[in-house]
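Some notes on the structure that comes next.
The values are calculated or read from the model by the stated rules, or taken from the named source; none is laboratory data. Computed from a prediction, not measured in an experiment: that's the story for all the values here. Note that each Cβ is placed from the backbone with ideal geometry, even for glycine, and that neighbours are counted across all protein chains shown.
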Amino acid sequence: MTMAGMLHALFDKACTGPLWLTARVTLMAAPLLLVLGVVIGYYLSRPRARLGGFLDFLVSLPLVLPPIATGFGLLMILGRQGLIGKPLGTWLGVEMIFSFWGVLVASIVAGLPLMIKPVQASVRGEVLRLMETSAVLGKSETVTFFRVVLPCIKKSVLAGLFLALGRSMGEVGVTLMLGGNILGRTNTVSLEIYNAVFSGEFERAAALSVLLGAIALGILSVLRRLASSAV
């Protein structure tokens, strides 16, 4: 195994396909994670949020359940005969399982808890007092959210987004159940590492692993900068 061999493997079609798929999924998942994470995290931070406990339980499940079990549950819901999958297929002609959309859902489900929790934790103390002050001054909840809450928690939002994207790119279990690891269609970078090891192509596995490791180091570097600037 040499550096030249790893570089050659990285630019091989067997690698470029999964890299392109992972990039597409990440680009589409990022804005969805950002919006859903901020909205749900803010909602759960409110002390009197209706169904807050149940929603918090749902978004926390992927953190404690084995990914393969989470993926199986989603497979039952989003499959052709599932509660959501059946009407999607019948009315809209959308097949979630073993498709790009299944991989996207897996990416969002895996990363969303890590986006929500920092937001939820940051809306407390001084932020709550500023929200109360804004309400006393007659500002609407929408104005308070955009002009008071978001500026105060922006670093937590960025930290949560980087964590969520890092977790999404490394996801295997949920993606395997929903995407199916179909070569050329739903095999992400993480799944391709498994495929390469299974077929004995260790240079390809090493090249993709090093690439994911470099991305992880970049994310950790950004998180350290955010943490140090918050002090």
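Can you tell me which residue among ALA30, ALA4 is under 29 Å from ARG185 (Cα atoms), of a type in the set (A, V, I, L, M, F, W, C) and at pLDDT below 90?
ALA4
Going by the conditions given, is LYS86 touching a residue at least 40 places away in the same chain (Cβ under 8 Å), part of a helix (DSSP H, G or I) and of a type in the set (Lys, Arg)?
The answer is no for LYS86.
Give the residue, chosen from VAL189, VAL123, VAL119, that is in contact with a Leu (Cβ under 7 Å, 6 or more places away or on another chain), surrounded by 14 or more Cβ atoms within 10 Å (Cβ to Cβ) and of a type in the set (A, V, I, L, M, F, W, C).
One residue alone meets the criteria, VAL189.
Cβ contacts < 6 Å: first residue surrounded by 14 or more Cβ atoms within 10 Å (Cβ to Cβ), restricted to region 37-57; second residue acidic (Asp, Glu), any location; separation 6+ or different chain. Result?
So the pair list comes out as LEU44/ASP56.
Is it the case that ILE77 is surrounded by fewer than 16 Cβ atoms within 10 Å (Cβ to Cβ), out of contact with any Cys (no Cβ under 8 Å at 6 or more places or on another chain), modelled with pLDDT of 90 or more and of a type in the set (Val, Ile, Thr)?
yes
In region 188-210, what residues are touching a helix residue (DSSP H, G or I) at 6+ places or on another chain (Cβ under 8 Å), at pLDDT below 90 and in a loop (DSSP other than H, G, I, E, B)?
Result: GLU201, single match.
Which of the following residues is in a helix (DSSP H, G or I) and under 18 Å from ALA159 (Cα atoms): GLY17, GLY41, GLY102?
GLY41
Return the pairs, sorted by first residue and then second, in which the second residue is outside any helix (DSSP H, G or I) and of a type outside the set (Gly, Ala, Ser), the first residue lies in region 183-204 and is under 20 Å from MET96 (Cβ atoms), the beta carbons are less than 6 Å apart, and the residues are 6+ apart or on different chains.
The qualifying pairs are ASN187/ASN181; SER190/VAL172; LEU191/ASN181.
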